Amino acid sequence: MQTKSASEKEKYRNVWVVAETVSGQIQSVTGELLGKARELADKRGCEVWCVVLGAGVSGGLEELFHQQADAVLLVEDQRLESFVEETRARLLVRLIEKHRPEILLCGATVRGRALVPRLAALAWCGLTADCTGLDIDTESGSLLLQTRPAYGGNIIATIKSENHRPQMATVRPRVMQALSPDPKRRGRIIREQMNGGDEPAGKRVLRSVRDTEARVKLVDARYIIAGGRGLKGPEGFKLLEQLAALVGGAVGASRSAVDAGWAAYQRQIGQTGQTVQPKVYIACGISGQIQHLVGMQSSDLIVAINKDPEAPLMKLADIALVGDLFEIVPELIRELQRT
């Protein structure tokens, strides 16, 4: 909401994290954001609230307290079982008007990217998307410093939302570090209800279809085998899938490979895709433009396979293998099969 004076801004307090829930389960990005929210709230001398919206979501609330939430703002309703961004945005606006948070954080996931822009527009607030850093301005003591790449990753911009509250930001999964759970922490649950005006007229979910195929999620994978233009076509990704299956990992892709139609968008890693932080990242035939590096440069161990020793990713890699990936990857597969 637009605030015109310092006294108005002082009425807004606490750091909110909007929990990501899928099929009633709270996703890991929520814990990552709670860790950062704790840091921001301690600098502001306020509380961390976690907003949980959904149906059948009350089972895991104690874990949110262990992950640094002081309060859980819960709306549990069967009408929230399906994800309808307009419904949740309207509901959140009402909660904001009533409880007045100073800062609101949400994951830059598929759902978060659908929800928070609508919320920002309805609440008349600014929004900084895909942040890589968050802090409190030491001079003002209240302004949220929102850092994100801009102009294709060529510069890093720090943004302030001086005239509106709450200050809103989204953060990609795996960018922030979750704190170690503290099982001794306790908190309070604040229950709210939906009302008739929360649901948009003329829109309802008729049926939800869930992908139940067993696979390792890209953002949760400890081992990622990623391919780029060097794979020469979609058939090359079948080779990466063999390697990923042997190590219990997931297959990723560069934007160029996705744009060429060789891999699904859900596999894209980089500024316009997903941010990952696996234990081992093996890049096959990826040159390593800055847009891709933004999404994987925090990996514990980076292995790059490329014919060009001067490729940017080869210089970033902990282990750089110069050669033909169609010779190196099959050899890795054979070696793993022998062990």
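Has region 230-244 got any residue that is closer than 26 Å to SER28 by Cβ and out of contact with any strand residue (DSSP E or B) (no Cβ under 7 Å at 6 or more places or on another chain)? So far as region 230-244 goes, no, none of its residues is closer than 26 Å to SER28 by Cβ and out of contact with any strand residue (DSSP E or B) (no Cβ under 7 Å at 6 or more places or on another chain).
Within region 213-236, one or more residues are loosely packed, with under 11 Cβ neighbours inside 10 Å, part of a helix (DSSP H, G or I), at pLDDT 90 or above and of a type outside the set (A, V, I, L, M, F, W, C).
Comparison of THR170, THR109 shows that the only residue that is under 20 Å from TRP49 (Cβ atoms), touching a helix residue (DSSP H, G or I) at 6+ places or on another chain (Cβ under 6 Å) and among the polar types (S, T, N, Q) is THR170.
Filtering region 178-207 to residues that are at pLDDT below 90 and loosely packed, with under 12 Cβ neighbours inside 10 Å leaves ASN195, GLY196, GLY197, ALA201, GLY202, LYS203, ARG204, VAL205, LEU206, ARG207. The requirement of being closer than 27 Å to ASP137 by Cα and either in contact with a Ser or Thr (Cβ under 7 Å, 6 or more places away or on another chain) or buried (at least 21 other Cβ atoms within 10 Å of the Cβ) (or both) is satisfied by CYS106.
For region 288-327, the tally of residues that are under 23 Å from ARG148 (Cα atoms) and assigned to a loop (DSSP other than H, G, I, E, B) stands at 6. Taking into account only those residues within region 149-204 that are assigned to a loop (DSSP other than H, G, I, E, B) and of a type in the set (Ser, Thr, Tyr), which is nearest to the chain's Cα centre (by Cα)? Ranking the candidates gives SER180 first. Might you let me know whether region 74-90 holds any residue that is assigned to a loop (DSSP other than H, G, I, E, B) and within 25 Å of SER140 (Cβ to Cβ)? No. Scanning region 252-275 for residues that are in contact with a strand residue (DSSP E or B) (Cβ under 7 Å, 6 or more places away or on another chain), among the β-branched types (Val, Ile, Thr) and surrounded by fewer than 24 Cβ atoms within 10 Å (Cβ to Cβ) turns up just one, VAL258. Scanning region 128-139 for residues that are exposed (fewer than 12 other Cβ atoms within 10 Å of the Cβ) and of a type outside the set (Asp, Glu) yields a single hit, THR138. Confirm whether SER256 is more than 24 Å from THR170 (Cβ to Cβ), part of a loop (DSSP other than H, G, I, E, B), of a type outside the set (Asp, Glu) and at pLDDT 90 or above. No; evaluated as a whole, the condition is false for this residue.
Matching residues to (1) surrounded by fewer than 23 Cβ atoms within 10 Å (Cβ to Cβ); (2) under 20 Å from the mean Cα position of the chain (by Cα):
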| residue | (1), (2) |
| --- | --- |
| GLY24 | yes, yes |
| GLY35 | yes, yes |
| GLU39 | yes, yes |
| ARG44 | yes, no |
| CYS50 | no, yes |
| LEU53 | no, yes |
| PHE65 | no, no |
| PHE83 | yes, yes |
| LEU91 | no, no |
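For LYS160, the stated conditions hold: it is in contact with an Asp or Glu (Cβ under 8 Å, 6 or more places away or on another chain) and surrounded by fewer than 17 Cβ atoms within 10 Å (Cβ to Cβ).
Among the residues of region 325-339, just one is surrounded by fewer than 13 Cβ atoms within 10 Å (Cβ to Cβ) and touching a residue at least 12 places away in the same chain (Cβ under 8 Å), namely GLN337. Looking across region 280-301, the residues that are crowded, with 22+ Cβ neighbours inside 10 Å and either on the phi > 0 side of the Ramachandran plot or not small (Gly, Ala, Ser) (or both) come down to TYR281, ILE282, CYS284, GLY285, ILE286, GLY288, HIS292, VAL294, MET296.
Listed conditions (1) of a type outside the set (Phe, Trp, Tyr); (2) touching a strand residue (DSSP E or B) at 6+ places or on another chain (Cβ under 9 Å); (3) over 26 Å from ILE159 (Cβ atoms) are all met by GLU62, apart from (2). A Cβ distance below 8 Å, combined with a sequence gap of six or more or placement on separate chains, defines the contacts here; from region 139-154, residues that are closer than 14 Å to HIS292 by Cα reach residues that are assigned to a loop (DSSP other than H, G, I, E, B) and at pLDDT 75 or above in the pairs PRO149/THR132; PRO149/GLN271; GLY152/GLN271; GLY153/GLN271. ALA311 meets each of the listed conditions (1) closer than 24 Å to VAL219 by Cβ; (2) modelled with pLDDT under 95; (3) of a type in the set (A, V, I, L, M, F, W, C) apart from (1).
The values are calculated or read from the model by the stated rules, or taken from the named source; none is laboratory data. Just so it is clear, the structure is predicted and the values come from calculations on it, not from any experiment. Methodologically, a virtual Cβ is constructed for each residue, glycine included, from the backbone with ideal geometry; neighbour enumeration extends over all protein chains shown.
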